[in-house]
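First comes the structure, then the notes that go with it.
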Amino acid sequence: MRKGKDQKLPVLAVDLGGTKIIIAIMSHQGEIIARQSYNTLADEGPQAVMNRIFSSIEEVLSQNNLSLSQLSAISIAAAGIIDIKNGVITEAPNLSGWHDIPLKSIVEEKFKLTTFLINDADAAALGEHRFGAGKGLSNLILLTLGTGVGGGIIINSGLYLGSSGSAAEIGHMIIDVNGPKCQCGNNGCLEAFVSGSAIAAEAKSRISQGGKSSLIEMAEGKIENITAEKVYLAAGEGDSLASEVISRAAYYLGIGVVNLVNILNPEMVIIGGSVASMGDILLEPVRQVVKEKAFPLLSQAVKIVPARLGNDAGIFGAAIFALEQ
Ligand SMILES: [Zn+2]
């Protein structure tokens, strides 16, 4: 790799998610110079997705009249369990077929440029801490609620990575050992209660058991068409089954946040991801559960707020991670 490169050069950041690949170029000062989004098409498998990342990087560079020599590094935020030291995606439930893929060295080999690889929720935590809702704070926790549930922890203004670089798998904190099956194989993980897929599954199950809901009409009679977003919309229109499903998810999210608050005493818990766009219908019950169940000294110290950077938190964080190395 090109050692001793000018660290003032911009970074090319990649956010590799189950649905979208976002590619951005960020200046040393934190300005986004270019940004482009592509479909991941994860079903096509790792090789096809990696080829798509390569061609997308080349496209973004050529559209902006930039060459690889004008970059300081490539930094990738990916949805999965990352071995950060070796730059390996060990597993990724939302990226089909990705097991033990040494993405860092593959990208370095291809582009001959220093490459970093971190977990996407860790990157989002870093992004929200440097540029978003948590700017200026010392200790915060970020949860991303989407298809799955990711987490990132900032302690003393730095990203907490743990001994293998994969700390903060908050989605797999076990909330109820007798709870529903999680993607990871365990039962009752936070993710099995509060992810978008879990919210949709709970609504589908209640309707299959005879529950009455406007969701059936919204899904054009097809239960499989029910999504977390539809549940949210139905709840907003006063549908009681949908409201109960969201209250249940909010309650369990509250229990998860109580555990985090009691263990880490953060100043802020930031909730992001597509499910978090439900806003106060989700966050207000969480605040209530934390007030009731966490120790008062700790619950009074914490603010529970929505994320600010939206879908760009990951690319901001990936770029910052590289710039700060
Ligand atoms: Zn799990």
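Being loosely packed, with under 15 Cβ neighbours inside 10 Å and outside any strand (DSSP E or B) is the filter here, so list the residues in region 12-47 that pass it.
Hits for region 12-47 are Thr19, Ser27, His28, Gln29, Gly30, Glu31, Leu41, Asp43, Glu44, Gly45, Gln47.
Could you pull out the residue among Ala133, Ala203 that is small (Gly, Ala, Ser), over 20 Å from Ser96 (Cβ atoms) and either touching a Lys or Arg at 6+ places or on another chain (Cβ under 7 Å) or in a loop (DSSP other than H, G, I, E, B) (or both)?
Numbers: Ala203 fails: either touching a Lys or Arg at 6+ places or on another chain (Cβ under 7 Å) or in a loop (DSSP other than H, G, I, E, B) (or both).
The conditions single out Ala133.
Does region 168-188 contain any residue that is in a loop (DSSP other than H, G, I, E, B), among the polar types (S, T, N, Q) and crowded, with 21+ Cβ neighbours inside 10 Å?
No, region 168-188 has no match at all.
Which is touching a helix residue (DSSP H, G or I) at 6+ places or on another chain (Cβ under 9 Å), in a loop (DSSP other than H, G, I, E, B), of a type outside the set (Val, Ile, Thr) and touching a residue at least 40 places away in the same chain (Cβ under 8 Å), of Gly97, Gly127, Gly150? Explain how you work it out, then say what you get.
Numbers: Gly127 fails: in a loop (DSSP other than H, G, I, E, B); Gly150 fails: in a loop (DSSP other than H, G, I, E, B).
Only one candidate qualifies: Gly97.
Conditions (1) assigned to a helix (DSSP H, G or I); (2) closer than 25 Å to Gly314 by Cα; (3) in contact with a Gly (Cβ under 9 Å, 6 or more places away or on another chain), marked per residue:
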position: Ala249; (1), (2), (3): yes, yes, no
position: Ile255; (1), (2), (3): yes, no, no
position: Asn262; (1), (2), (3): yes, no, no
position: Leu282; (1), (2), (3): yes, yes, no
position: Arg287; (1), (2), (3): yes, no, yes
position: Glu292; (1), (2), (3): yes, no, yes
position: Leu298; (1), (2), (3): yes, no, no
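Of all residues in region 146-186, which are at pLDDT 95 or above, more than 14 Å from the ligand (Cβ to nearest atom) and among the aliphatic types (A, V, I, L, M)?
Across region 146-186, the qualifying residues are Ile153, Ile154, Ile155, Leu159.
When you go through (1) surrounded by 17 or more Cβ atoms within 10 Å (Cβ to Cβ); (2) assigned to a loop (DSSP other than H, G, I, E, B); (3) at negative phi one by one for Gly165, which number turns out not to apply?
Of everything listed in (1) surrounded by 17 or more Cβ atoms within 10 Å (Cβ to Cβ); (2) assigned to a loop (DSSP other than H, G, I, E, B); (3) at negative phi, Gly165 misses just condition (3).
State yes or no: is Ala235 at negative phi, within 24 Å of the chain's Cα centre (by Cα) and part of a helix (DSSP H, G or I)?
Working: at negative phi: yes; within 24 Å of the chain's Cα centre (by Cα): no; part of a helix (DSSP H, G or I): yes.
For Ala235, the condition - at negative phi, within 24 Å of the chain's Cα centre (by Cα) and part of a helix (DSSP H, G or I) - is not met.
Scan region 198-218 and tell me whether some residue there is farther than 25 Å from Thr19 by Cβ and within 16 Å of the ligand (Cβ to nearest atom). Full working, then the answer.
From region 198-218, those farther than 25 Å from Thr19 by Cβ are 206-214, 216-217; that's our starting set.
Cutting the leftovers down to within 16 Å of the ligand (Cβ to nearest atom) gives us none.
The answer is no; no qualifying residue exists.
The values are calculated or read from the model by the stated rules, or taken from the named source; none is laboratory data. Here the structure is a predicted model, which is why all the values come from computation and not from measurement. Every residue, glycine among them, receives a Cβ derived from its backbone with ideal geometry; neighbour counts consider all protein chains shown.
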